[in-house]
1. Which residues' amide hydrogens lie under 5 Å from the amide hydrogen of Gly119, considering only partners 5 or more residues apart or on another chain, with H built in the peptide plane?
2. Tally Lys and Arg at +1 and Asp and Glu at -1 over the other residues with C-beta under 13 Å from the C-beta of Glu91: what net charge comes out?
3. Multiply the residue gap between Leu60 and Lys74 by 0.36 nm, knock off their C-alpha separation, and tell me the result in nm, one decimal place.
4. Sort 83-90, 100-107, 59-66 for me by packing, meaning the mean count of neighbouring Cβ atoms within 10 Å per residue, highest on top.
5. Using amide H atoms built 1.01 Å from N in the peptide plane, name the residues 5+ places from Gly86, or on other chains, whose amide H lies under 5 Å from its own.
6. Mind checking the full-extension length gain between Ser102 and Asn26? Use 0.36 nm per residue of separation minus the Cα-Cα distance, one decimal, nm.
7. Let's test the formula: R0 of 30 Å, r as the Cβ-Cβ distance of Arg127 and Lys14. What FRET efficiency results, to the nearest 0.05?
8. Once you list every other residue whose beta carbon is under 9 Å from the beta carbon of Leu31, what net charge do they have if Lys and Arg are +1 and Asp and Glu are -1?
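Computed from the coordinates by the stated procedures, all read-outs in this text should not be read as laboratory data. Predicted model only: the values in this text are computed from it and were never measured. For neighbour counting, all protein chains shown are included, and Cβ atoms are generated from backbone atoms with ideal geometry for every residue, glycine included.
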Amino acid sequence: MLALDLGESSGSNKHAIETAENLAKNDGAVLHAVTVIPTFSMPIVGSYFPEGFEEKNYELARTELKGQIADDAKNPDAIKRHVVMGSIYDEILKTADRLDCSLIIMEAHRPDLKDYLLGPNAARVVRHAKQSVYVIRS
């Protein structure tokens, strides 16, 4: 399973998609691409957003995920796409379990002085995943 951040530039995700496609092909596996839309679970925070905000975000994410895969994948039709909502690291873990994935592939930026090894979502996925995690440095 490939976890994609749609907030990243297409060029960044292109490398991750290419790497994931090669790993899946070499293993004869089905490649799933997932993106997570963070939710604002606190009722007071959610009340500041207009009616239908989550639904619009979900549809926008589906369109963007489909477009990035169409633009950057060698075989876009072979990649199953998933958009989920919730806590980023938690939803990556839940989706990998639900899809019975054996590997989670995700990208992490090269650390700066402000970062320590991995970003918070990548670090949590690495620490808590039942699956192996392949981290791509960008």
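1. Here the answer is His109, since their amide H atoms fall under 5 Å of that of Gly119.
2. Values: positive: Lys94, Arg98, Arg124; negative: Asp5, Asp90, Asp97.
That sum, taken over residues with Cβ under 13 Å, equals 0.
3. Here the answer is 2.8 nm.
4. Put in order of decreasing packing, that is 100-107, 83-90, 59-66.
5. Answer set, sorted by chain and number: Ile37, Thr39.
6. Length gained between Ser102 and Asn26: 26.0 nm.
7. Here the calculated transfer efficiency is 0.65.
8. +1
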